[in-house]
Amino acid sequence: MVQEAGDGAMMTGGHGSLAFPHGHDVFRPVPRTGVIYVMNAARELGFEYGDPSWANLGQGAPEAGVLPGAPPRLEAVSLHTTTYEYSPVLGRTDLREAVADLYNHRYRRGRASRYTAENVAIAGGGRLSLSRLAAALGQTHLGHFLPDYTAYEELLDLFARFSTIPIPLDPERGYAFSADELRTEIVGRGLGAVLLSNPSNPTGALVHGDRLAKWVATARELETFLLFDEYYSNYVWAPDAAAHGSVSAAAHVDDVDRDPIVILDGLTKNWRYPGMRIGWTLAPRRIIEAVSSVGSFLDGGAAHPLQEAAIPLLAPAVADAEAEAIRAVFREKRDYMITRLVRMGLHVDAAPMGAFYVWASVRHLPEPLRSDMGFFRAALERKVITVPGRFFDINPGQRRSEQRSRFGCHVRFSFGPERATLVRGLDALEAMIAEARAR
């Protein structure tokens, strides 16, 4: 049974510390935070994947079926003697070459410095890529933004060699952050690295174009690593970015082996294959060597048959067609969700320019819906899953009070599911809000 510490973000299972009978603690209690907590709470109320009576607007999963104009979906994975063997920890060479070739096709045309397989490491999904990277970091100050991806919290708390430094973003400015502000944070706080999702999960803020070029130039000048989580880089809605399609810091790197730029991506969001758990790290060779050494003891490498199956998906013509189809279908869902939520009385600080989430404030709704947890609980009773905003107030080590979260009135809504699910969920939320106003 899930237990709550007030409305705090640290949600744990009901058993506390795991100890020997005489009371010696063996394992620390590991909190259920973010989407893990959310989905666990939904299951306790009867949620099952595939149940048409539920609307999952919480979990960050894109619809995985056929989209108009998209390439055919992968329907089979071959198993044969070769793939029964271990894959190299870094991943299959042909898959690493395919990743490098795609980035060169999209972002490095005409450039003297180009990515090769030696700049790529394959891992079993995004969280594992992040874990390898975090385990390879030395003693440094690591900056991270607020709000940002919920899974960063436990990840950044797990490794003690680096210190995490929060960088709050301003809702009144649409969570924007300039290269000059980045420079001030790096110099003033002595940051050796900065981690961010771009486009942002949850706000949909996007660093692109000249601003992204200035970020990369600042990192190069100050010799500070920028760790870009680009898992939503095909989901781009900014009008001035639409002509360029996918957005990546790779477009602004001068020297792929010297610039302090690390990029994480994979099949989960941008190819809509979350169940395949294939991700990659793109970085200077010495960083790839480091994450390979970590992978040799942390996980041993990604599933060999799935790596082989992923190679055709990265062919430039296939990948570009998938990205184009994503933008056409998901933009319409984005606009639909924003319109519905605003009509219900929620406030969107800034329309998302990337990813597939709407980050909205419920502070103007009637009780008990005007807090993130109040809204979340009431929506669950209507069989609608959302994610409370406080989970994105990344707080490694719980050094800040849970009761002072700036996002206790925010909720993240996903327009990742198919449109029918969005309609069903938003209809239920609209009815819930109308009934609360009528009381």
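The values are calculated or read from the model by the stated rules, or taken from the named source; none is laboratory data. Since the model is a prediction, treat every value here as computed from it, not as a measurement. For neighbour counting, all protein chains shown are included, and Cβ atoms are generated from backbone atoms with ideal geometry for every residue, glycine included.
Residue-by-condition table, conditions (1) of a type in the set (Gly, Ala, Ser); (2) out of contact with any Lys or Arg (no Cβ under 8 Å at 6 or more places or on another chain); (3) outside any helix (DSSP H, G or I):
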residue: 352; (1), (2), (3): no, no, yes
residue: 379; (1), (2), (3): yes, yes, no
residue: 406; (1), (2), (3): no, yes, yes
residue: 417; (1), (2), (3): no, yes, yes
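Among the residues here, residue 88 qualifies as touching a residue at least 24 places away in the same chain (Cβ under 8 Å), within 23 Å of residue 132 (Cα to Cα) and over 24 Å from the mean Cα position of the chain (by Cα). Filtering the stretch 271-294 to residues that are within 16 Å of residue 306 (Cβ to Cβ) and assigned to a helix (DSSP H, G or I) leaves 274, 275, 276. Taking the conditions exactly as written (closer than 26 Å to residue 218 by Cβ and out of contact with any Leu (no Cβ under 8 Å at 6 or more places or on another chain)), does residue 260 satisfy them or not? No; evaluated as a whole, the condition is false for this residue.
Select, from 435, 367, 430, the only residue that is over 30 Å from residue 332 (Cβ atoms) and not small (Gly, Ala, Ser).
Numbers: 435 fails: over 30 Å from residue 332 (Cβ atoms); 430 fails: over 30 Å from residue 332 (Cβ atoms).
The match here is 367.
Conditions (1) outside the structural domain of residue 228 (by TED's automatic domain parsing); (2) in contact with an Asp or Glu (Cβ under 8 Å, 6 or more places away or on another chain); (3) of a type in the set (S, T, N, Q), marked per residue:
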site	(1), (2), (3)
132	no, yes, no
135	no, no, no
146	no, yes, no
161	no, no, no
178	no, no, yes
187	no, no, no
195	no, yes, no
201	no, yes, yes
207	no, no, no
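Scanning the stretch 198-214 for residues that are crowded, with 22+ Cβ neighbours inside 10 Å, of a type outside the set (A, V, I, L, M) and touching a Leu at 6+ places or on another chain (Cβ under 9 Å) yields 198, 199, 200, 203. Taking the stretch 152-250 as the region of interest, the strands (runs of 3 or more DSSP E) fully inside it that hold 3 or more residues being closer than 18 Å to residue 263 by Cβ are 191-197, 225-229. When only residues in the stretch 406-439 that are free of Cβ contacts under 8 Å to residues at least 40 places away in the same chain and within 24 Å of residue 325 (Cβ to Cβ) count, which is surrounded by the fewest Cβ atoms within 10 Å (Cβ to Cβ)? Among those residues, the one meeting the criterion is 420. Do you know which residues across the stretch 112-151 are within 22 Å of residue 412 (Cβ to Cβ), in contact with a Phe, Trp or Tyr (Cβ under 6 Å, 6 or more places away or on another chain) and part of a loop (DSSP other than H, G, I, E, B)? Matches in the stretch 112-151: 147, 150. The numbered conditions (1) surrounded by fewer than 20 Cβ atoms within 10 Å (Cβ to Cβ); (2) out of contact with any Leu (no Cβ under 6 Å at 6 or more places or on another chain) are all true for residue 376 except (1).
A single member of 323, 302 is small (Gly, Ala, Ser), out of contact with any Asp or Glu (no Cβ under 6 Å at 6 or more places or on another chain) and not in a helix (DSSP H, G or I), and it is 302.
Filtering the stretch 66-97 to residues that are within 20 Å of residue 263 (Cα to Cα) and among the charged types (D, E, K, R) leaves 92, 94, 96, 97. The single condition among (1) farther than 26 Å from residue 193 by Cβ; (2) crowded, with 22+ Cβ neighbours inside 10 Å; (3) in the same structural domain as residue 226 (by TED's automatic domain parsing) that residue 55 does not satisfy is (3).
With respect to residue 217, is the statement that it is in contact with a His (Cβ under 6 Å, 6 or more places away or on another chain), surrounded by fewer than 22 Cβ atoms within 10 Å (Cβ to Cβ) and either under 25 Å from residue 254 (Cα atoms) or modelled with pLDDT under 95 (or both) true?
No, not satisfied.
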